[in-house]
1. When a/c is below 1.5 the answer is rounded, else prolate if a/b is larger than b/c, else oblate, so apply that to the range 89-133 with a ≥ b ≥ c taken from the square roots of the Cα gyration tensor eigenvalues.
2. Indicate the gyration tensor shape class of the range 44-85 (rounded, prolate or oblate), computed on the Cα atoms with a ≥ b ≥ c the square roots of the eigenvalues: a/c under 1.5 is rounded; otherwise a/b larger than b/c is prolate and the rest oblate.
3. For the chain, give the magnitude of the charge dipole about the Cα centre (Cβ charges: +1 Lys/Arg, -1 Asp/Glu; no others), in debye to the nearest 20.
4. List the chymotrypsin sites (Phe, Trp or Tyr not before Pro) within the range 1-87 that DSSP assigns to loop and that have no more than 16 neighbouring Cβ atoms inside 10 Å.
5. Relative contact order for the chain: what percent, with Cα pairs under 8 Å and sequence separation of 6 or more?
6. Looking at the range 1-82, which GluC sites (Glu not before Pro) are in a loop (DSSP not H, G, I, E or B) and have at most 16 other Cβ atoms within 10 Å?
7. What does the extension gain come out to for ASP126 and GLU77, with contour length at 0.36 nm per residue minus their alpha carbon separation?
8. Which percent of the Cα-Cα distances in the range 102-176 go past 14 Å?
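All of the numbers you see were taken from the coordinates with simple rules; none came from a lab. Worth saying up front: this structure is predicted, and the values here are computed from it rather than measured. Using ideal geometry, Cβ is built from the backbone for each residue, glycine included, and neighbour counts are taken over all protein chains shown.
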Amino acid sequence: MALITEYHTTARPTYSLVEVYDSDAYLDDADAANRSSTEVVAGNGYHLYLRSLQPDIRVKVVIRIWDSPQEPPGDSEGIATVTLESETGVLVINQLTMGPAGEMTLPQPGVYAGHAWWKGRQAAADYYDEIIRQGATQPWSPGQLGHAWAQSPVTEQYTLDLWFLRACEPEDDEEL
């Protein structure tokens, strides 16, 4: 059970969402994005939506590729089973209104199974709410507010632990 590769980036969860998808999977999935409101992590096989409880404090996204299935960690706040297909072998970590936060090249294109898990989600939301409450009594300047977000005492983190499942199904290019 060896780790093959690992990628880290941070992303701003605009509208409380960060998206992970194959670099050729351009179409969004509103249903999966909406399901993330209750499931935290939801997808359609090509897109995964990671749902934060706050929209401004950057979150850490970690993608790890393993040589075999892994057990989820015991200290996570939550876990979701995921499948992600990447025909290009490149995953994009996207901030909805700001564009990509990063890209990860997978060891090979294909279908990956695994689980997503998260920690620091509620603590980051609590910090966010406290800063908003403080701003109601003493308004923040934009620079002060940005500084407050950057100084969050907790890191909200979403980790995807994935392993290769199989090659992608060949596309049927015949038109009907």
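1. Oblate.
2. Details: a/c = 1.98, a/b = 1.35, b/c = 1.46.
Oblate shape, in that a/c is at least 1.5 and b/c is the bigger or equal ratio.
3. Details: 10 positive and 27 negative charges, 238 e Å.
So the magnitude is around 1140 debye.
4. On the way: sites: TYR7, TYR15, TYR21, TYR26, TYR46, TYR49, TRP66; in loops: TYR26, TYR46.
Here the sparse-neighbourhood loop sites are TYR26.
5. Details: 385 pairs, mean separation 49.4, N = 176.
Worked out over the chain, it gives 28 percent.
6. Working: sites: GLU6, GLU19, GLU39, GLU77; in loops: GLU77.
Filter output for the range 1-82: GLU77.
7. Details: separation 49, 0.36 × 49 = 17.64 nm, distance 1.47 nm.
Length gained, ASP126 through GLU77: 16.2 nm.
8. On the way: 2069 of 2775 pairs.
The answer is 75 percent, as a whole percent.
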